[in-house]
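The values are calculated or read from the model by the stated rules, or taken from the named source; none is laboratory data. Everything quoted here is computed from the prediction, not taken from an experiment. Note: ideal-geometry Cβ built from the backbone for every residue, glycine included; neighbour counts use all protein chains shown.
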Amino acid sequence: MAASCVTPAAFLAATGTEFTDLGVASTGTVTVASVGSPAETITVGGVALTAVAGARTPGSDDFSLSSGTVLGVAQSIVDAVNDAANSFATLVTATLLTPGLPVLQLTSVSTGYHSTLPFVTDAPAVYDLDPDGGSLSGGEVMVTTILDSTCAMLGPCWGTKKSWAHIYLAAHFATISEGGAGGPVSSRSIDKISESYAIQPPSDPDLGSTKWGLLYLALRATVPNIGATSGEAGRGLGALYGVYGVGRWTGGWYP
């Protein structure tokens with residue numbers, strides 16, 4: 001039975017911390033629709049920001065309704081989130097998007113897949129959150145896009161090894177996206193002593209430019225039926241990457 005493609009969580013677990021921050025920061029907006037009531041909350045990253053009737057208190061994770069205006073409440077939320085005495089310094093920052101409008105943006109401090117922090121309110125009629133799916137969004141896009149596209153490159157010939165092929169191929173492209181392509185070390189020097197190594201060129205120069213691509217090539221060499229299906233070997237695709245895998249010819253990339 002063929003294995004399925006890996007999830008973002010499985011990919012990040014298998015590759016350690018190398019791609020934890022791959023991508024951008026996640027964001028979300030809060031539109032203050034009306035002046036709410038004390039004790040209502042906006043929760044980000046598991047930390048609740050609570051409305052109070054009087055002045056807000058640094059260190060208490062609260063914001064003030066005392067201005068009596070939606071713009072004043074929005075500004076108080078921004079001030080509370082950015083207050084170093086509160087609990088949000090390692091989670092998010094806040095800014096008013098447009099002067100004069102009660103709309104603020106929260107931006108995660110971290111980047112990448114895990115920057116999609118939980119983002120909810122118990123008063124949605126007062127505090128309109130976008131996105132409203134329960135978390136900040138945007139930071140996950142790079143990882144999910146790479147995983148989706150590389151999953152589509154891998155066909156059934158991989159069998160039970162498909163998951164690892166997917167991890168290695170996705171990590172290869174993730175490395176390239178960060179400008180990390182390199183290749184095997186061919187020499188080294190220590191003080192006045194140097195030595196060189198005879199390097200066997202990889203079977204594919206592109207995949208051979210990263211450690212993850214080399215792992216993909218090594219794994220591919222253990223799959224005996226790659227290139228033996230649907231006549232793809234005749235076009236060289238099976239020999240390069242595997243049937244319905246990543247194939248390349250003069251006209252571009254094959255699906």
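Evaluate the following for THR121: is it of a type in the set (Ser, Thr, Tyr) and under 21 Å from the mean Cα position of the chain (by Cα)? No.
Checking the stretch 1-22 against the condition returns no match, with no residue being at negative phi, at pLDDT 95 or above, buried (at least 16 other Cβ atoms within 10 Å of the Cβ) and assigned to a strand (DSSP E or B).
Of the numbered criteria (1) within 22 Å of THR57 (Cβ to Cβ); (2) modelled with pLDDT under 95, the one GLY134 fails is (1).
When residues in the stretch 81-135 are screened for being assigned to a helix (DSSP H, G or I) and under 21 Å from VAL52 (Cα atoms), 2 of them pass. Only a single item in (1) touching a residue at least 24 places away in the same chain (Cβ under 8 Å); (2) more than 30 Å from THR144 (Cβ to Cβ); (3) under 31 Å from the mean Cα position of the chain (by Cα) is not met by VAL35, and it is number (3). Scanning the stretch 143-156 turns up one or more residues that are among the acidic types (Asp, Glu), part of a helix (DSSP H, G or I) and either under 30 Å from LEU214 (Cα atoms) or touching a residue at least 24 places away in the same chain (Cβ under 8 Å) (or both).
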